[in-house]
Amino acid sequence: MATTVSDRPGYGQLLRTPGAWTFLLPGFAARQPFAMLTIGIVLLVQHTTGSYGSAGAVAAVTGVSMALFAPQTGKLADRFGQRAVLLPGVLVHTASVSGLTALALADAPMWALFAAAVPTGASVPQIGPMVRARWAAVLGAAPGREASPLMSTAAAFESVTDEFTFVIGPVLATALCTGVHPAAGLIAEAALTLFGGLFFAAQRATQPAVRTTGPAGSQRPVSALSIPGVRVLAVAFLGIGAVFGGMQVSLTAFAEEIGSPGANGLLYGIFAAGNMLAGIACGAIAWKTGPRRRLIAGYAALTLTASGLWAVHSVPLLAGLGLLVGLSIAPALISGYTLVEALVPGSARTEAFTWLTGAVALGQAGAVTVAGRLADAHGASTGFLVPLVGTVLALVTLVALRSRLLPRSSGRTVARGIGHRGPVTVD
């Protein structure tokens, strides 16, 4: 069923939403540390141990810990409010990163670094999901309907912001670690987390209202993972994480195989640029199809483009195919985040977003491990099989369970939302 709008939703209209800038700027500052953490750990631990394997293992423990604990953070934020979770969270994270840094500099044994990595990952502030939840609150999204055509634009805006963060953060951390001190990246990450997180938490007017009851006034709050559509989306986002992790390792291995390590930065930059460009375009288009269909179509394109990576053996061809893979990621990500607005009540929305971001992190951690072992044993081309297998399995799940991505009330519920004068469908 087509979406008809009389006013074209765009970034200008989105950014004129009352109260948006009060959480956008603090949110952008507060999410920078997230992109600095992994590379900061790798550079510091490699410097102190002399082993990239050890450094990667500590970073992987942090990533898995974040993926497992992030949904619980989101659930607490939905139950008690974002501010109540952020204030202690940023303090714990700052202390944990400081402890991990001190242990690494003191040449502590690996078991001690692993032990410190667990609370470091578990306490990562979930700023991205919290910003997305604030967009849903200010745009009036409600379960069973898409309250505003600007929700898709907001999802695209957040996707581009996340990608931009992962361009700036690693560069900043690397510059600090190599130009100042190997621990400078993590020290900056801890400081930015503390001050950025507290600044974001201070913006109380735009945080979603706390709801202590579930649907229809029931006393038991709904869990995001109890909603079938969220479980399906989590599987889809695991596949996207497999693409990110597989590309990172396999592109590095490919560049080393051909004797041009510097090509890695160029190739990954082109891949990331494709993701950013597609995200910008998705937010500027007035879509005539619902997010469920866009998700399946985008995922099919992602699977198709990822299927050729293992067979490419030249830099120009890999750059071109990497660009196509990047262009295919953003539509799938944005459509998945947009579906959350229609599937999940406000009382569980932050938790739902953290399940999805956690699924990406978990898929990425698994892909990095598997692709690394395949590349070591059989060459870089076999590492590229990881994105293919991950996306194929996720696409099969999406197609088989696509009916669960419709709101329980109706797959064709329409509503009039902010800045919208015509019917909207989530199909």
* To do: Find the relative contact order for the chain and round it to a whole percent, using C-alpha pairs within less than 8 Å whose residues are 6+ positions apart.
  => 29
* Under a 10 Å cutoff between Cα atoms, tell me which one of G379, G81, G63 has the largest fluctuation in the Gaussian network model of the chain. => G379
* Structure fact -> Per the rule of 0.36 nm per residue minus the C-alpha distance, extending V399 to A300 adds in nm 34.7 nm
* Solvent-accessible surface (1.4 angstrom probe) belonging to R204, in square angstrom, nearest 10 -> 150
* To do: With all distinct Cα pairs included, what does the Kirkwood hydrodynamic radius of the chain come out to in Å, to one decimal, could you say?
  => 21.7
* To do: Please name whichever of A297, L37, L388 sits farthest to the positive end of the charge dipole of the chain, dipole taken about the Cα centre and charges placed at Cβ: Lys and Arg +1, Asp and Glu -1.
  => A297
* Structure fact -> Asserting the computed 222 nm helical MRE of the chain (DSSP H runs at least 4 long, -39500 (n - 2.57) per run, divided by residue count, to nearest 500) equals -25000 deg cm²/dmol
* Asked: Counting only protein heavy atoms, what percent of the accessible surface of the chain is carbon or sulfur at a 1.4 Å probe?
  -> 68
* Can you work out the accessible area per residue across the chain, with the rest of the protein chains kept in place, probe 1.4 Å, in square angstrom? => 39
* To do: Step through the residues of region 376-392 one at a time and calculate ³J(HN,Hα) from phi using the Karplus curve (6.51 cos²θ - 1.76 cosθ + 1.60, θ = phi - 60°), rounding each to whole Hz and writing x for Gly and Pro.
  => 5, 8, 10, x, 4, 4, 6, x, 6, 6, 5, x, 5, 5, x, 6, 4
* Asked: In whole Å, how far is the Cα centre of region 30-103 from that of region 162-191?
  -> 14
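The values are calculated or read from the model by the stated rules, or taken from the named source; none is laboratory data. All figures in this text were calculated on a predicted structure; none of them were measured in a lab. A quick note on method: Cβ atoms are made from the backbone with ideal geometry, for glycine too, and the neighbour counts reach across all protein chains shown. Side chains included, ligands, DNA and RNA excluded: accessible areas come from the protein's heavy atoms. Shrake-Rupley method; radii C 1.70, N 1.55, O 1.52, S 1.80 Å.
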